[in-house]
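The values are calculated or read from the model by the stated rules, or taken from the named source; none is laboratory data. None of these values were measured; they are calculated from a predicted model. Neighbour counts are summed over all protein chains in view; Cβ atoms, including those assigned to glycine, are modelled from backbone coordinates with ideal geometry.
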Amino acid sequence: MNEKSHIVKSYEEQLLLLKDTIVKMGTKAEKQLELSIQAMVRKDLELAKKIITDDEQIDRYEFSIEEQVVNLIALRQPMAIDLRETVVALKISSDLERIGDLSKNIAKRIISIQEVISSELIKGLEIAGLKTVRQVNLVLNSYLHRDKDITENVWNSDEEIDQLTNSNMEMVLKKLETEKNQIQLTQLLFIAKNIERIGDHATNIAEQVYFLITGDYLEGQRPKG
């Protein structure tokens, strides 16, 4: 094997490592989100505390991705398609880091809720939360398999999460008019908003993956509820 082919192979291996790290980070972020919804439904304070502690792992993945991207750009001088790969990886890791942070915020809100909350309100938040888990899972698969159809489906489904969020917030606000535990109910408003924002970050990733695959941006205004 000559020196040139060895460099190309090494470069391809670095790109594969970058892709693998993104998938691992995404899988961890998805799991954190899923666990935060479970902790909310079960009122599991120990699980909520574990989610908060485990967020550091997502931060370490983000740092690793930043290092890999810097090395690829500085040492390998990638051409257009590979430059797109590295820049998109940075943007995706930023969104995944925010998904992790928002999942941690949900866990913190759960810990601060001391009283029993209406099962109707929790159920509404669970439905919205599981929908966002599904969106994050799909968009990670679109990145892994380079499937632009999935990215379009995720992009077009963001409106549904917005509508669920609006419905949940309306229910909480109605309860606030009559219930005494207003501090706890207010925490649910924050949880509802965090879930919506996670959906937005999943949609951001869908846009980046679509650009990675096609070199174009998704056309039209992002559907919002």
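Return the total of residues in segment 17-45 being of a type in the set (V, I, T) and either part of a loop (DSSP other than H, G, I, E, B) or out of contact with any Asp or Glu (no Cβ under 7 Å at 6 or more places or on another chain) (or both).
Result for segment 17-45: 4.
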### Message
Taking the criterion of being farther than 19 Å from L125 by Cα, under 20 Å from the mean Cα position of the chain (by Cα), exposed (fewer than 14 other Cβ atoms within 10 Å of the Cβ) and not polar (S, T, N, Q), would at least one residue in segment 162-180 satisfy it?
### Response
no
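Return yes when M40 is among the aliphatic types (A, V, I, L, M), more than 21 Å from K123 (Cα to Cα) and touching a helix residue (DSSP H, G or I) at 6+ places or on another chain (Cβ under 9 Å) and no when it is not.
Spelling it out, it is not the case that M40 is among the aliphatic types (A, V, I, L, M), more than 21 Å from K123 (Cα to Cα) and touching a helix residue (DSSP H, G or I) at 6+ places or on another chain (Cβ under 9 Å).
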### Task
State whether the residues of segment 114-123 include one that is crowded, with 18+ Cβ neighbours inside 10 Å, within 19 Å of T165 (Cβ to Cβ) and among the basic types (K, R).
no
### Task
Would you please name the residue that is nearest to the chain's Cα centre (by Cα), looking only at residues in segment 65-83 that are hydrophobic (A, V, I, L, M, F, W, C) and at pLDDT 80 or above?
I65
### Query
Name the residues in segment 18-34 that are aliphatic (A, V, I, L, M) and over 13 Å from the mean Cα position of the chain (by Cα), would you?
L18
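Taking into account only those residues within segment 174-192 that are aliphatic (A, V, I, L, M) and farther than 22 Å from L130 by Cα, which is modelled with the highest pLDDT?
First, pick out the residues of segment 174-192 that are aliphatic (A, V, I, L, M): 176, 183, 185, 188-189, 191-192.
Remaining after also requiring farther than 22 Å from L130 by Cα: 176, 183.
Details: L176: 87, I183: 81.
Checked segment 174-192; the qualifying residue modelled with the highest pLDDT is L176.
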### Summary
Of the conditions (1) out of contact with any helix residue (DSSP H, G or I) (no Cβ under 7 Å at 6 or more places or on another chain); (2) in a helix (DSSP H, G or I); (3) at pLDDT below 95, the single one that D149 does not satisfy is (3)
### Query
Of the residues S10, S36, S94, which is farther than 30 Å from S118 by Cα and modelled with pLDDT of 95 or more?
S94
### Task
Confirm whether I110 is at pLDDT 95 or above, closer than 17 Å to L47 by Cα, β-branched (V, I, T) and crowded, with 17+ Cβ neighbours inside 10 Å.
no
### Query
How about segment 151-173: which of its residues are within 20 Å of R109 (Cα to Cα) and free of Cβ contacts under 8 Å to residues at least 24 places away in the same chain?
E170, L173
### Task
Please name all residue pairs, on different chains or six or more residues apart, with Cβ atoms under 9 Å, provided the first residue is in segment 32-49 and is under 10 Å from I111 (Cα atoms) and the second residue is among the β-branched types (V, I, T) and modelled with pLDDT of 95 or more.
A39/I51; A39/I106; M40/I106; M40/I191; A48/I106
#### Entry: Search result, residues across segment 117-140 that are over 24 Å from S157 (Cα atoms) and either assigned to a helix (DSSP H, G or I) or in contact (Cβ under 8 Å) with a residue 60 or more places away in the chain (or both)
I117, S119
